[in-house]
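**Q** Please see the structure below; I have some questions.
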Amino acid sequence: MALNPSPADAPAASRGIVKRLLAWFKTWEGLLLGILIVVLIVNSSAVPAYLSPGNQVNLFILYIEKIIIALMMTFIIINGEIDLSVASLMGLAAGTMARLFEAGVPSGVAVVAALGLGLLCGAFNGFWVAYIGLPSLVVTLAGLITYRGLTWVLIEDRSISTLPAWLNDLGQKPLVGSLPLALILFFGLAVLAYIVLQFSGFGRYVYAIGINSDVARYSGVNVRRVKMTLFIASGFVASLAGLLYAARLGAVRSSTAEGFELDIITMVLLGGVSIFGGSGTLRGVLLSILIILNLRNGMGLAYLSANVQTGVIGLLLILSVLIPNLAGSARAALARRREARIAEAD
Amino acid sequence: MTSLRRSIRPEQIRELILILVIVALLLFFGTQISDYFGARTFTRISTSIAILAVVAVGETLVFLTRNYDLSVGSIVGFTAFFVGTQLQFYHGIPPLAAVLMAVGIGAMMGAFNGLLVAYGRVPAIIVTLGTMAIYRSALVEYPGNKIVQISALPAWVQDFSSANVLEVGTFELRLIVAIALAVVIIAQLMLMYLPYGRRLYAIGSNPEAARVAGFPSQRIVFIAFILSGALAGLAGFMFLGRFGNLTVVAAMGTELQAVAAVVVGGTSTLGGSGTALGSLLGATLIGVLDQSLRRWPLISEFWRDAMLGILILLAVAGDRAIVDRLRTIWARSELQLGAANSALPQEDNIHGS
């Protein structure tokens, strides 16, 4: 993406730290940081206690399941694929767990079975994408419909609210200090994802395949295994998030987590990850997560309905790709004009 | 054998297979559901296919250019709701004006998608995932009663769903079914004979080559999105006429059914191949399954969505496994033929679709 050079691409270190900082602000991540600061200032001027730790923790808790999945989605999109089935898998995992527990299966077994089902569904997606070579958009769209459909078969039009007590406690009560399990899991996963993506060999493969999977394959990267691993992990993380969501709400319905994929994909793309794969960083995604959380909260404070908020997120999704595109064309046009001028001068 | 190969293309075999599957399904459900073969079942299935078929034809045009339109469900819902609300308050709106209003609003929404995809170079999946949310949220926020009730609509709208154009014995051809058939036929003719239709295939099969050949690619994609939106608008009007009572979740999920119909109907997800007729067959298969599962006592009707998803996957995987292989065989025999009588111009090779 044209607007996304890393700080290292900026002019050499001799220019001094101020200029380097300025150069970083001109990158996509700098822009995100700027937006975040504006949103925070606007919000905290409207509500005095906005920046208090309590409120910020609450903010995270409200969207924790989505942002956990966004971490995994970052890998998948950088890899040049997409997983539209995550929200349906959340519902299916939660539904399976609730249904099994309702039928008298021990709670631990029900939870493990739901997580196992997530692995299995992820492997199912991955099989068609990695080994058969079908486009992930179609495979996971079919997954979106199938997994949601299976949830309907399981729960029909009821609402199951008899969940294991320990699970409800984990989802609703703080575990360490004021942090519940989901938040601690998120921080753990975020650190793990950051290390794997930016510093491990596997992370380099993910980028290499996203840039050009043929070249990666000819260079000896096991493209199939990397893609398969990613989809299995995505299925597992989605089912984990589904269980966390059920535990937090204390009830499961067939429509649990419906439509969450929109928010999740927006978080990743707004963070500067290219939809065509091969570029983007977790740092950008974390910044965009902060923006979306605070923006949603701010819109809520301004009494905008959840529905309008979703519309705004949709607009943001489009703008996050449109703006870099337009900036890229503008820059290219400027460069052309400059070249033409130089040619004239010669 | 060679002459047979030259007169039938793999795409036609796929359509034939689809017809066989539909017939087999009908025969199967005939043994399972009492009073299945009759005028009532025909009416029920054909009217349920009509709206989906119109949306699917628009989706086909977009698919041919290697793009997607996931916002059609929201467009159907919004136009149905908007036109319904207008008719609720002003009974005097003439029918033609109401239809044109629906088509016009749909076209505008499609144009917004097309503008962003073709000229803004934003991937269609991003644009339409976004506009799906935006159009739906416009519908929910639309000031009005938040609900359209059939009793408050003008009489001609109330009669729309039961209007017939043709009656043979007890079999009735409903007006909305006739509209859908007309849309399919016009679109199929356009795809086969109009330069614009042929260009859709050209762009989808090789965008780079189409650009180099001097096709106005951006405009062609832009127009495909406008047409898809306009047809979704028309479907929105049909939706209003068929159901009358609407809430803000009207036509939610139609985009998934449309994509399913298009893919099951044999249109390639990589663009450049597919027909409007195939999408009608795809919609028919979905409609038959949908309506029959509702009445099949053996399994719960909640299986419908799960089956739809599996159907899409089977269609795409089957395509990869069978049709691609067939196409290779065809291409090879064409090559041999071409070598044998290379002096003759090979008109058939240009079909390309």
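**Q** Out of A:LEU33, A:LEU119, A:LEU134, A:LEU100, report the one residue that is open to solvent by 40 Å² or more (accessible area, probe 1.4 Å), without any contact (Cβ under 8 Å) to a residue 40 or more places away in the chain and not β-branched (Val, Ile, Thr).
**A** Details: A:LEU33 fails: without any contact (Cβ under 8 Å) to a residue 40 or more places away in the chain; A:LEU119 fails: without any contact (Cβ under 8 Å) to a residue 40 or more places away in the chain; A:LEU134 fails: open to solvent by 40 Å² or more (accessible area, probe 1.4 Å).
Only one candidate passes the filter, namely A:LEU100.
**Q** Could you pull out every one of the helices (runs of 4 or more DSSP H) wholly within segment B:77-187 that has 1 or more residues that are within 21 Å of the chain's Cα centre (by Cα), among the small types (Gly, Ala, Ser) and closer than 25 Å to B:LEU256 by Cα?
**A** Values: elements: B:95-114, B:124-141, B:155-160.
Passing ranges, in order: B:95-114, B:124-141.
**Q** Evaluate segment A:44-60: report whether one residue or more is under 30 Å from A:SER161 (Cβ atoms), at pLDDT 85 or above and under 17 Å from the mean Cα position of the chain (by Cα).
**A** Within segment A:44-60, one or more residues are under 30 Å from A:SER161 (Cβ atoms), at pLDDT 85 or above and under 17 Å from the mean Cα position of the chain (by Cα).
**Q** Okay, next question. Among B:ALA50, B:ALA56, which is the only one that is modelled with pLDDT of 90 or more, under 12 Å from the mean Cα position of the chain (by Cα), closer than 25 Å to B:GLY204 by Cα and open to solvent by less than 20 Å² (accessible area, probe 1.4 Å)? First the steps, then the outcome.
**A** Values: B:ALA50 fails: closer than 25 Å to B:GLY204 by Cα.
Of B:ALA50, B:ALA56, the one residue that is modelled with pLDDT of 90 or more, under 12 Å from the mean Cα position of the chain (by Cα), closer than 25 Å to B:GLY204 by Cα and open to solvent by less than 20 Å² (accessible area, probe 1.4 Å) is B:ALA56.
**Q** Search segment B:259-271 for residues being among the polar types (S, T, N, Q) and surrounded by fewer than 24 Cβ atoms within 10 Å (Cβ to Cβ), and hand back the single one that is nearest to the other protein chains (Cβ to nearest Cβ). Break it down stepwise before answering.
**A** Our first condition is that a residue be among the polar types (S, T, N, Q); within segment B:259-271, this holds for B:267-269.
So of that shortlist, the ones also surrounded by fewer than 24 Cβ atoms within 10 Å (Cβ to Cβ) come out as B:268-269.
Working: B:SER268: 10, B:THR269: 5 Å.
Among those residues, the one meeting the criterion is B:THR269.
**Q** So which of A:GLY250, A:GLY235, A:GLY280, A:GLY272 ends up being crowded, with 21+ Cβ neighbours inside 10 Å, in contact with a helix residue (DSSP H, G or I) (Cβ under 8 Å, 6 or more places away or on another chain) and either of a type in the set (A, V, I, L, M) or under 30 Å from A:PRO164 (Cβ atoms) (or both)?
**A** Details: A:GLY250 fails: crowded, with 21+ Cβ neighbours inside 10 Å; A:GLY280 fails: either of a type in the set (A, V, I, L, M) or under 30 Å from A:PRO164 (Cβ atoms) (or both); A:GLY272 fails: either of a type in the set (A, V, I, L, M) or under 30 Å from A:PRO164 (Cβ atoms) (or both).
Sole residue among the options that is crowded, with 21+ Cβ neighbours inside 10 Å, in contact with a helix residue (DSSP H, G or I) (Cβ under 8 Å, 6 or more places away or on another chain) and either of a type in the set (A, V, I, L, M) or under 30 Å from A:PRO164 (Cβ atoms) (or both): A:GLY235.
**Q** A further question on this structure: Inspect segment B:115-125 for any residue being touching a residue at least 24 places away in the same chain (Cβ under 8 Å) and touching a Pro at 6+ places or on another chain (Cβ under 9 Å) and give the result as yes or no.
**A** So the first thing to find is which residues in segment B:115-125 are touching a residue at least 24 places away in the same chain (Cβ under 8 Å), and the list is B:115, B:117-119, B:124-125.
When the remaining residues are screened for being touching a Pro at 6+ places or on another chain (Cβ under 9 Å), the result is B:117.
Yes, that holds for at least one residue.
**Q** Restricting to segment A:148-161, what's the tally of residues that are more than 7 Å from chain B (Cβ to nearest Cβ), open to solvent by less than 10 Å² (accessible area, probe 1.4 Å) and part of a helix (DSSP H, G or I)? Show your work before the answer.
**A** Initial filter on segment A:148-161 (more than 7 Å from chain B (Cβ to nearest Cβ)): A:151, A:154-155, A:157-161.
After this cut, where a residue has to be open to solvent by less than 10 Å² (accessible area, probe 1.4 Å) as well, the list is A:151, A:155, A:160.
Now drop any that are not part of a helix (DSSP H, G or I), which leaves A:151, A:155.
Adding up the residues that qualify gives 2.
**Q** For segment B:204-237, how many residues meet the condition of being open to solvent by 10 Å² or more (accessible area, probe 1.4 Å), within 22 Å of B:TYR119 (Cα to Cα) and either among the basic types (Lys, Arg) or not in a loop (DSSP other than H, G, I, E, B) (or both)?
**A** Qualifying residue count, segment B:204-237: 16.
**Q** Quick check on segment B:136-159: of everything there that is of a type outside the set (Gly, Ala, Ser) and open to solvent by less than 20 Å² (accessible area, probe 1.4 Å), which residue is nearest to the other protein chains (Cβ to nearest Cβ)?
**A** Our first condition is that a residue be of a type outside the set (Gly, Ala, Ser); within segment B:136-159, this holds for B:136, B:139-143, B:145-150, B:153-154, B:156-159.
Among the residues that remain, those that are also open to solvent by less than 20 Å² (accessible area, probe 1.4 Å) are: B:139, B:148, B:153-154, B:157.
Numbers: B:LEU139: 9, B:VAL148: 18, B:LEU153: 25, B:PRO154: 29, B:VAL157: 27 Å.
Looking at the filtered set, the residue picked out is B:LEU139.
**Q** Residues to consider are B:LEU200, B:LEU246; find the one that is of a type outside the set (D, E, K, R) and modelled with pLDDT of 90 or more.
**A** Details: B:LEU246 fails: modelled with pLDDT of 90 or more.
Only one candidate passes the filter, namely B:LEU200.
**Q** To continue, here is another question. Only one of A:GLY91, A:GLY108, A:GLY118 is out of contact with any Gly (no Cβ under 6 Å at 6 or more places or on another chain) and modelled with pLDDT of 95 or more. Can you tell me which?
**A** Details: A:GLY108 fails: modelled with pLDDT of 95 or more; A:GLY118 fails: out of contact with any Gly (no Cβ under 6 Å at 6 or more places or on another chain).
After applying the criteria, what remains is A:GLY91.
**Q** Identify, from the list B:GLY130, B:GLY104, B:GLY114, the residue that is open to solvent by less than 40 Å² (accessible area, probe 1.4 Å) and in contact with a Leu (Cβ under 7 Å, 6 or more places away or on another chain).
**A** B:GLY130
**Q** Are any residues in segment A:38-54 of a type outside the set (S, T, N, Q) and surrounded by 15 or more Cβ atoms within 10 Å (Cβ to Cβ), and if so, which ones?
**A** Listed by number, the residues that qualify are A:VAL39, A:LEU40, A:VAL42, A:TYR50.
**Q** Still on this model: Specify which of the listed residues (B:LEU277, B:LEU240, B:LEU256) is modelled with pLDDT of 90 or more and open to solvent by 10 Å² or more (accessible area, probe 1.4 Å). Step through it out loud before you land on a result.
**A** Values: B:LEU240 fails: open to solvent by 10 Å² or more (accessible area, probe 1.4 Å); B:LEU256 fails: modelled with pLDDT of 90 or more.
Being modelled with pLDDT of 90 or more and open to solvent by 10 Å² or more (accessible area, probe 1.4 Å) holds for just one of B:LEU277, B:LEU240, B:LEU256, which is B:LEU277.
**Q** Right, here's the next one. If we scan segment B:170-177, do we find a residue that is loosely packed, with under 13 Cβ neighbours inside 10 Å and of a type outside the set (D, E, K, R)?
**A** Step one: filter segment B:170-177 for residues loosely packed, with under 13 Cβ neighbours inside 10 Å, giving B:170.
Restricting the remaining residues to those that are of a type outside the set (D, E, K, R) gives B:170.
Looking through segment B:170-177, at least one residue is loosely packed, with under 13 Cβ neighbours inside 10 Å and of a type outside the set (D, E, K, R).
**Q** Shifting gears a bit: Any chance you could count how many residues in segment A:306-328 are over 21 Å from the mean Cα position of the chain (by Cα) and at pLDDT below 85?
**A** The number of residues fulfilling the criteria is 3.
**Q** Which residues, taken from segment A:171-190, are at pLDDT 90 or above and either of a type in the set (Ser, Thr, Tyr) or more than 10 Å from A:ALA247 (Cβ to Cβ) (or both)?
**A** Residues satisfying the conditions are A:LEU183, A:ILE184, A:LEU185, A:PHE186, A:PHE187, A:GLY188, A:LEU189, A:ALA190.
**Q** Just one of the numbered conditions (1) at pLDDT 85 or above; (2) open to solvent by 30 Å² or more (accessible area, probe 1.4 Å) is not true of A:ALA302; which one?
**A** Looking at each condition in turn, A:ALA302 falls short on (1).
**Q** Enumerate the pairs (first residue in segment B:247-271 and on the phi > 0 side of the Ramachandran plot; second residue anywhere and open to solvent by less than 40 Å² (accessible area, probe 1.4 Å) and among the hydroxyl-bearing types (Ser, Thr, Tyr)) with beta-carbon separation below 8 Å, excluding pairs fewer than 6 apart on the same chain, so at least 6 apart or on different chains.
**A** These pairs meet every condition: B:ALA251/B:SER74; B:GLY266/B:SER273; B:GLY266/B:THR275; B:GLY271/B:THR65.
**Q** Hey, among the residues in segment B:297-315 that are open to solvent by 20 Å² or more (accessible area, probe 1.4 Å) and of a type in the set (Val, Ile, Thr), which one's nearest to the other protein chains (Cβ to nearest Cβ)? Full working, then the answer.
**A** Just the residues of segment B:297-315 that are open to solvent by 20 Å² or more (accessible area, probe 1.4 Å), to begin with: B:297-305, B:307, B:310-311, B:314-315.
Going one step further and asking which of them are of a type in the set (Val, Ile, Thr), we end up with B:299, B:310.
Details: B:ILE299: 9, B:ILE310: 6 Å.
Once the filter is applied, the top-ranked residue is B:ILE310.
**Q** Taking the condition of being without any contact (Cβ under 8 Å) to a residue 40 or more places away in the chain and open to solvent by less than 80 Å² (accessible area, probe 1.4 Å), how many residues in segment B:18-35 meet it? Even if it seems obvious, please write down each step before you answer.
**A** Our first condition is that a residue be without any contact (Cβ under 8 Å) to a residue 40 or more places away in the chain; within segment B:18-35, this holds for B:20, B:23-24, B:27-28, B:30-31, B:34-35.
Those still in the list that are open to solvent by less than 80 Å² (accessible area, probe 1.4 Å) too: B:23-24, B:30.
The qualifying residues number 3.
**Q** Does segment A:256-267 contain any residue that is more than 12 Å from the chain's Cα centre (by Cα), surrounded by fewer than 24 Cβ atoms within 10 Å (Cβ to Cβ) and closer than 30 Å to A:GLY328 by Cβ?
**A** As a first pass, look at segment A:256-267 and keep what is more than 12 Å from the chain's Cα centre (by Cα): A:256-259.
Filter again for surrounded by fewer than 24 Cβ atoms within 10 Å (Cβ to Cβ), leaving A:258-259.
With the extra rule that they be closer than 30 Å to A:GLY328 by Cβ, the set shrinks to none.
Within segment A:256-267, not a single residue is more than 12 Å from the chain's Cα centre (by Cα), surrounded by fewer than 24 Cβ atoms within 10 Å (Cβ to Cβ) and closer than 30 Å to A:GLY328 by Cβ.
The values are calculated or read from the model by the stated rules, or taken from the named source; none is laboratory data. Remember, predicted model here, so these are calculated numbers, not experimental data. Using ideal geometry, Cβ is built from the backbone for each residue, glycine included, and neighbour counts are taken over all protein chains shown. For accessibility, only protein heavy atoms count, side chains too; no ligands or nucleic acids. Shrake-Rupley method; radii C 1.70, N 1.55, O 1.52, S 1.80 Å.
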